[in-house]
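Visitor: What follows is a structure written as structure tokens; I'll ask about it next.
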Amino acid sequence: MNCPKCRFDCDETDNFCRRCGKSLKPGTGFLYSHSGIILLAVILGPFALPAVWGSKLIGTAAKWIYTVVLLLIGVYLAIACWHAYLLATQAAQAFLGAGL
């Protein structure tokens with residue numbers, strides 16, 4: 001088995017390349033663990049879902065829980081952005097109306 005990055009000859013039991021550290025088994029790196037997915041969710045929100053479903057480290061039940069939570073957070077953020085937009089337009093109208 002060869003490393004896909006540096007072509008170093010690795011054993012079949014290796015999870016990472018001994019020369020460059022590249023993961024030899026996709027879906028098993030830090031970003032695919034529970035901690036990594038939570039970190040991605042904080043940074044990316046619902047855009048972390050591909051990492052959730054690409055993970056080989058977490059079970060199907062956990063994947064569904066992460067999916068539901070991330071989608072609920074995404075809907076909440078979309079509604080909050082819409083309300084902020086409405087508030088900004090009302091404030092602009094009030095400001096422009098007061099200047100006349």
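Visitor: Of Pro50, Ala94, Ala62, whose Cα points farthest to the positive end of the dipole of the chain (charges on the beta-carbon: +1 Lys, Arg; -1 Asp, Glu; origin at the Cα centre)?
Guide: Of the candidates, Pro50 comes out farthest on the positive side.
Visitor: Here is a follow-up. With a/c under 1.5 counting as rounded, go ahead and sort the chain into rounded, prolate or oblate using the C-alpha gyration tensor (a ≥ b ≥ c being the square roots of the eigenvalues; past the cut-off, prolate if a/b is larger than b/c, else oblate).
Guide: Values: a/c = 6.31, a/b = 2.76, b/c = 2.29.
Note, shape of the chain comes out prolate.
Visitor: Further, regarding this structure: Divide by every residue of the chain the summed helix terms, -39500 (n - 2.57) for each DSSP H run of at least 4, and state the resulting mean residue ellipticity at 222 nm, rounded to the nearest 500 deg cm²/dmol. Write out the running numbers ahead of the final one.
Guide: Working: 3 runs with 56 residues, N = 100.
So the helix-based figure for the chain works out to -19000 deg cm²/dmol.
Visitor: Of the heavy-atom accessible surface of the chain (probe 1.4 angstrom), what whole percent is carbon and sulfur? Display every interim value, and only then the final one.
Guide: Working: 5040 of 7280 Å².
The C+S portion of the solvent-accessible surface of the chain is 69 percent.
Visitor: Using the Cα centre as the reference, give the magnitude of the dipole from point charges on the C-beta atoms of the chain (Lys, Arg: +1; Asp, Glu: -1; all else neutral), rounded to the nearest 20 debye. Walk me through the numbers before you get to the answer.
Guide: Details: 8 positive and 4 negative charges, 44 e Å.
Dipole of the chain, to the nearest 20 debye: 220 debye.
Visitor: Which whole-number value in Å² is the accessible area per residue of the chain, probe 1.4 Å? Can you show the working numbers first?
Guide: Details: 7280 Å² over 100 residues.
Per residue, the chain has 73 Å² of solvent-accessible surface.
Visitor: When only Cα pairs under 8 Å and 6 or more residues apart are kept, what is the percent relative contact order across the chain? All intermediate terms of the calculation are to be shown ahead of the outcome.
Guide: On the way: 76 pairs, mean separation 15.9, N = 100.
Over the chain, the number comes to 16 percent.
The values are calculated or read from the model by the stated rules, or taken from the named source; none is laboratory data. As the structure is a computational prediction, the values presented were derived from the model and not from experiment. Note that each Cβ is placed from the backbone with ideal geometry, even for glycine, and that neighbours are counted across all protein chains shown. The protein model used for the area step is the full one, side chains on, heavy atoms only, and it has no ligands, DNA or RNA in it. Shrake-Rupley method; radii C 1.70, N 1.55, O 1.52, S 1.80 Å.
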